[in-house]
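Enquirer: Dumping the structure here so I can ask a few things about it.
Readers should treat all values here as calculations from the given coordinates under stated rules, not as data from a laboratory. Keep in mind it's a predicted model, so treat the numbers as computed, not measured. As a convention, Cβ positions derive from the backbone with ideal geometry for all residues, glycine included, and neighbour counts pool all protein chains shown.
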Amino acid sequence: MHVSVLLAESLAYLNVRPGGIYVDATFGAGGHSAAMLAALGSGKLIAFDADPTAQARAEALHDPRLHFVHANFRELDAHLDALGVTEIDGILFDLGVSSMQLDERERGFSFSQSAPLDMRMNPYAGRSAYDVLAHAEESELADIFYQYGEIRESRRLARAIVARREAGKLPTTTTDFAAFISGLMQRTGRRERTHPATRAFQALRIAVNDELGSLHEGLAAAIARLRAGGRIVAISFHSLEDRIVKQTLRGDERLTVLTKKPIVAGEAESAENPRSRSAKLRAAEKKAS
């Protein structure tokens, strides 16, 4: 079952005003949205999600105050313009891949079960993870694994992938690709804290969905749309996301940062929901112009 991470903290920093206009940039399972609606009174909530399966979950809430948009939050400006919304009172970003997506074997986000190498948030658009492995230049693959997975052996990994590709033996499933990575990168006699394929899967997923580019664009659009006193809250799950959030919020003179240090899950939440252990929440408020 999906459990919303840092739910109470998110609501506290959003400081939802009854009657306001809010955005949930990543609807997911709808836990954050449901909590925002409970505090919203007669206001309006606009929820975005690139995953088409999220729409049914949004409709299941049966709430006329909720407007669902099937789109990546990088398209925030275009869709708010279409809805006639010029300013918002707050926005929440819950970044990364959800536990539901990880559990949907056919999506290819996890290597716990065999599935096609897909990893697209929207399975009907863009190139899959397999497409990247099958067509990207060696230099592009090396950059993906180094920049998005922080893998030191990125060049060796890229060379090995290209060699397998040229031999007609490129892995086609999640488990085959994970086994290939493990055989290439496992250090003999050393017990790894995480599976050797974990960072490679993260890197491919980020590349497939252009997650960091989307985050830059989404944050910029959100800050511009905030009215004075409006708040932006972002929950990240790895250092690349958190760095972008931190630098964006601290570097924008229109904002007052509310979290000097990132808010993290307490012991109880970490024990109940292991995914929350890597979560970091940052928040800021729009200054009066």
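Enquirer: Rounded to the nearest 5, what is the percent of antiparallel bridges among the DSSP beta bridges in the chain? Before the final figure, lay out each step's value.
Expert: On the way: 11 of 28 bridges.
Once the DSSP bridges in the chain are tallied, antiparallel ones form about 40 percent.
Enquirer: While we're looking at this one, here's another question. Per Stokes-Einstein, at 4 °C and 1.567 mPa s, what whole-number D in µm² s⁻¹ belongs to the stretch 106-209, with the Kirkwood radius over Cα pairs as the hydrodynamic radius?
Expert: Answer from the Stokes-Einstein relation: 95 µm²/s.
Enquirer: Something else now. Quick one: what are the phi-derived ³J(HN,Hα) couplings along the stretch 240-246, Karplus 6.51/-1.76/1.60 with θ = phi - 60°, whole Hz, x for glycine and proline?
Expert: Result, ordered by residue: 5, 5, 4, 4, 5, 4, 4 Hz.
Enquirer: Here is a follow-up. On full extension of the chain, what length is gained from Glu253 through Ser289, given 0.36 nm per residue of separation minus the C-alpha to C-alpha distance?
Expert: Length gained, Glu253 through Ser289: 11.9 nm.
Enquirer: Mind checking which of Leu215, Pro123, Leu37 is farthest towards the positive end of the chain's charge dipole, using Cβ charges of +1 (Lys, Arg) and -1 (Asp, Glu) about the Cα centre?
Expert: The Cα lying farthest towards the positive end belongs to Leu215.
Enquirer: Something else: Any idea what the dipole of the chain comes to, in debye rounded to 20, about its Cα centre with Lys/Arg Cβ at +1 and Asp/Glu Cβ at -1?
Expert: Numbers: 37 positive and 37 negative charges, 195 e Å.
So the magnitude is around 940 debye.
Enquirer: Among the trypsin sites (Lys or Arg not before Pro) within the stretch 58-127, which fall in a DSSP loop and have no more than 12 other Cβ atoms within 10 Å of their own Cβ?
Expert: none
Enquirer: Right, something else. Which value, in debye to the nearest 20, gives the size of the charge dipole of the stretch 215-259 about its Cα centre, when Lys and Arg are +1 and Asp and Glu are -1 at the Cβ?
Expert: The dipole of the stretch 215-259 has a size of about 180 debye.
Enquirer: Let me ask something else about it. Would you calculate, for the chain, the mean residue ellipticity at 222 nm contributed by helices, counting each DSSP H stretch of 4 or more residues as -39,500 (n - 2.57) and dividing by all residues, to the nearest 500?
Expert: On the way: 13 runs with 124 residues, N = 289.
Computed mean residue ellipticity for the chain: -12500 deg cm²/dmol.
Enquirer: Next up: What list do you get for Met185, Met36, Met119 if you sort them by fewest beta carbons within 10 Å? Spell out each step's value before the answer.
Expert: On the way: Met185 19, Met36 25, Met119 28.
The order, fewest Cβ neighbours first, is Met185, Met36, Met119.
Enquirer: What is the angle, in °, between the Cα long axis of helix 174-185 and the longest principal axis of the Cα atoms in the chain? Nearest 10 is fine, range 0 to 90.
Expert: Computed tilt is about 60 degrees.
Enquirer: Under a point spin-label approximation (7 Å from Cα along Cα-to-Cβ), what is the Ala71-Ala163 distance to one decimal in nm?
Expert: It works out to 4.6 nm between the two label points.
Enquirer: Provide the per-residue ³J(HN,Hα) series for the stretch 39-52, in order, calculated from phi with Karplus coefficients 6.51, -1.76, 1.60 and θ = phi - 60°, each as a whole number of Hz, with x at glycine and proline positions.
Expert: 9, 8, x, 8, x, 9, 10, 10, 10, 10, 6, 6, 7, x
Enquirer: Here is a further query. Please report Tyr148, Tyr22 as a ranked list, fewest other C-beta atoms within 10 angstrom at the top and most at the bottom.
Expert: Tyr148, Tyr22
Enquirer: Given the C-alpha atoms of the chain, compute the convex hull and give its volume per residue in Å³.
Expert: Working: hull volume 39.9 nm³, N = 289.
It is 138 Å³ per residue.
Enquirer: Would you mind ranking Lys261, Lys246, Lys286 so that the residue whose beta carbon has the fewest other beta carbons within 10 Å leads the list?
Expert: The most exposed by this proxy come first: Lys261, Lys246, Lys286.
Enquirer: Can you count the Lys pairs in the chain with C-alpha separation below 26 Å, eight or more apart or on different chains?
Expert: 13
Enquirer: Taking H as built 1.01 Å from N, whose amide H comes closer than 5 Å to the amide H of Lys44, not counting residues under 5 places away?
Expert: Gly20, Ile21, Tyr22
Enquirer: Quick one: dipole size for the stretch 78-227, taken about the Cα centre, charges +1 on Lys/Arg Cβ and -1 on Asp/Glu Cβ, in debye to the nearest 20.
Expert: 840
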